[in-house]
Every structure is written in C-alpha cells, then in structure tokens.
1. Per q in 0.13, 0.20 1/Å, what log10 I(q)/I(0) does a Debye calculation on the alpha-carbon atoms of region 23-121 return?
2. For region 19-106, run through the trypsin sites (Lys or Arg not before Pro) and keep only the ones in DSSP coil with at most 10 other Cβ atoms within 10 Å of their Cβ.
3. Under a 5 Å amide H to amide H cut-off, with H placed in plane at 1.01 Å, what residues pair with TYR63 once short-range neighbours are removed?
4. Ordered by packing density, taken as the mean number of other Cβ atoms within 10 Å over each peptide's residues, highest first, how do 127-136, 142-151, 40-49 rank?
5. Of all alpha-carbon pairs in region 50-187, indicate the percentage at a distance above 17 angstrom.
6. How big is the gap, in Å, between the Cα center of region 19-66 and the Cα center of region 120-174?
7. Give, rounded to the nearest 20 debye, the magnitude of the charge dipole that region 26-80 has about its Cα centre when Lys and Arg contribute +1 at Cβ and Asp and Glu contribute -1 at Cβ.
8. With the alpha-carbon atoms as the only input, what is the per residue convex hull volume for region 4-45 in Å³?
Amino acid sequence: KDEIITIARNYLRDFPKFFQLSFSPNGRTVELGKPNVDPTSLWVAYIPTADPASVAVLPSTAYALDDRNGLLRLASLPAGSPVMVEGYYYEWLLPADLSFYADMAIDLNTHNLHINLADMAPAVVDVIGIHALIQALWGLISEYSRDIDVITSESVHIIASQRYRMVSSLLETWTAEYNKRAQALNI
C-alpha cells in the first residue's frame, strides 16, 4: 500500500513543506497558518521564563492538533512563555487522506484479481497508484465545488471556482491516462 501512496503523491506533486512559527500565546488556540499539518512531524516547545536559555519540548499530550485546519490547542503553559512550532504540511492531502484513497483504489482494482498486491507487476501497481490519485482528485473536487466566486461593488473579483476548474481538468487528464493504461494491461 505504501508504494501506491508514493505513486499517487508523486504524480500529484503534493510533497510535504516545512513550516516554523514562534509566538506568544494569547489564549489556548493558535492558528498555524497552514492547513493539512502532518501530525507525525509536529514539534511544539516553549521557552521557560525562569530559564530563557533553555527550551522545554511539549509532549503530544500537552496539545491537540486539528491537522486539517491547522489549529493547535494548548493544554496549559506558564504565563508569558513564547511558543515555537515546527512541522510539515501538505498543500492538498494529508497522509491519512491519501491512505484512504489508496485503499479504495486497491479494492476497486484487485477485487477480481487473485494476486497479492506485493506480487503484481510494477506496471499494474503504477495503474493502481494513478487510480488512487483519481480518487483523491474526486475528493478535492467535492471540497472545491463549494467555492463560489465573489464580485464586489468595487469591481474586486475573487475567482474561487478556479480551483474547482483546475482540479476538474487534472481529473480528466488522469482519468484518460488511467483508462489507457488499464486497458493496455487488461485490468
């Protein structure tokens, strides 16, 4: 399954991007400014006011992460302690999302095959990876279909539907490629 996820992520070009943030909390919830934060990469620490030369790393039990929306909720910190956050985020899909779509593609492509995924030819695995990408694009289209264009009386145009059209075009391209390769392999 990891190979399918890697193929889909490589074709999608949605690689992890590093971010870091330092702030003095004004409450318990902090917006990280990045959606789709990888929870496995998150590092959260604070600088104790008693010893400003040191850094105290917070255990994952000391905060809650809303990974999809990029929100961090701190349990408690000493007053006035600056916080540092580092990690990786994805532009489009969290690893858990891509894993879900990979499972779906594997099920749809192997339900009538009597071969284990590990024993399949690389060309077949590649086709299944493309199908995982297609499933992920369908998910993005569902999300982006709710974006609406805004035109103000001051002639300011915010074309939010452009993401939908872009992903729709990608979906058409990858669906055609999937169909061509799947037919060539008779799967």
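1. Result of the Debye calculation: -0.58, -0.96.
2. Values: sites: ARG28, ARG68, ARG73; in loops: ARG28, ARG68.
Answer by residue number: there is no such site.
3. When sequence neighbours closer than 5 places are left aside, the close amide H contacts are ALA75.
4. The peptides rank, most packed first, as 127-136, 40-49, 142-151.
5. On the way: 6860 of 9453 pairs.
That fraction is 73 percent.
6. Comparing the Cα centres of region 19-66 and region 120-174, I get a distance of 32 Å.
7. In debye, rounded to 20, region 26-80 gives about 100.
8. Dividing the Cα hull volume of region 4-45 by its residue count gives 92 Å³.
The values are calculated or read from the model by the stated rules, or taken from the named source; none is laboratory data. Note that this is a predicted model, so its numbers are computed, not measured. Note that we place each Cβ from the backbone using ideal geometry, even for glycine, and neighbour counts take in every protein chain shown. With ligands, DNA and RNA removed, areas are computed over all heavy atoms of the protein, side chains included. Shrake-Rupley method; radii C 1.70, N 1.55, O 1.52, S 1.80 Å.
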